[in-house]
Amino acid sequence: MSRLQGSSSSLKRKRELALVSDTLTDGERVLYNLILSKRDMGIWSGDMKRETNLPDNVVKKSLKLLQSKGLIKEVVNIQNKARKHYMAAQFEPSKEITGGDWYSEGNLDKELINAVKSVCLNYISRQKVVTCDGVLEWSRKSGVFTAEVSNQQIEEILRTLVLDDEIIEVKSTGYGDFENVPVGRVCYKCKSKGGVRGEPKDGAMSSIPCGVCPRINFCSPDGIVSPRTCVYYQKWLDF
């Protein structure tokens with residue numbers, strides 16, 4: 001897009017916002033501008049009341065009218081599903097709000113996760129050593145997934161398989177099974193009973209599930225993901 005096109009689009013958007021603003025009450029305008037400013041993060045209705053100092057009844061009525069006009073939408077915040085969270089209609093929720101690629105409408109898509117885990121594990125079992133990039137390249141070339149899968153998703157699945165004790169994470173030595181992988185590169189292989197002589201040893205911290213947890217960014221003492229509710233963490237403590 002040229003600068004001229006970008007400038008034209010920006011001016012058009014400003015005119016549209018100006019027309020929208022003219023049709024709103026004072027309360028609606030204050031709330032809409034606040035919600036709009038939060039972009040893809042949106043805002044909790046409780047924070048709206050605190051930031052605007054508007055009466056509770058005004059906030060509730062204005063939110064309903066803004067929704068009916070198609071200017072805002074209510075979205076599910078995975079961090080706290082009980083809270084009413086709103087966002088301007090033109091934005092899509094960020095991963096911090098939705099929980100990432102493994103969530104659908106605020107719920108963990110376990111069926112998708114299990115399917116991807118199964119496919120990846122079957123592929124790894126047929127190979128001596130794999131890398132995250134290698135698994136991703138194979139999945140795209142083979143067309144095994146009907147939907148596009150990202151590098152991050154494959155990485156999260158591999159970490160989950162490590163937590164499930166299905167595979168191990170090691171670093172390439174450049175020799176033997178690792179001759180086609182650069183030295184020091186993180187690799188994955190199916191866990192062998194009793195281990196193999198000469199196989200790279202895991203680091204002292206590698207057994208702690210937090211180190212490879214794909215949901216570590218969402219973990220907090222009182223959050224949906226927390227050490228108190230984590231089955232992997234409990235298994236590690238019981239070990």
Original post:
Once fully extended, how much extra length lies between Asn33 and Lys64, figured as 0.36 nm per residue of separation less the alpha-carbon to alpha-carbon distance?
Top reply: 9.6 nm
Original post:
Given H placed 1.01 Å from N in the peptide plane, which residues other than close sequence neighbours of Ile72 have an amide H under 5 Å from its amide H?
Top reply: Gln67, Ala89
**OP:** Take the Cβ-Cβ distance between Asp40 and Cys219 as r, set R0 to 22 Å, and report the resulting FRET efficiency rounded to the nearest 0.05.
**Re:** 0.50
**OP:** Work out, step by step, the length gained on full extension between Thr23 and Ser118: first 0.36 nm times the residue separation, then minus their alpha carbon distance; give nm to one decimal.
**Re:** 28.8 nm
Subject >> In nm, spacing of pseudo-spin labels at Lys171 and Lys141 (7 Å Cα→C-beta vector) >> reply: 2.8 nm
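Readers should treat all values here as calculations from the given coordinates under stated rules, not as data from a laboratory. Being a predicted model, the structure only gives us computed values, none of them experimental. Please note: Cβ atoms are built from the backbone with ideal geometry, for glycine as well, and neighbour counts cover all protein chains shown.
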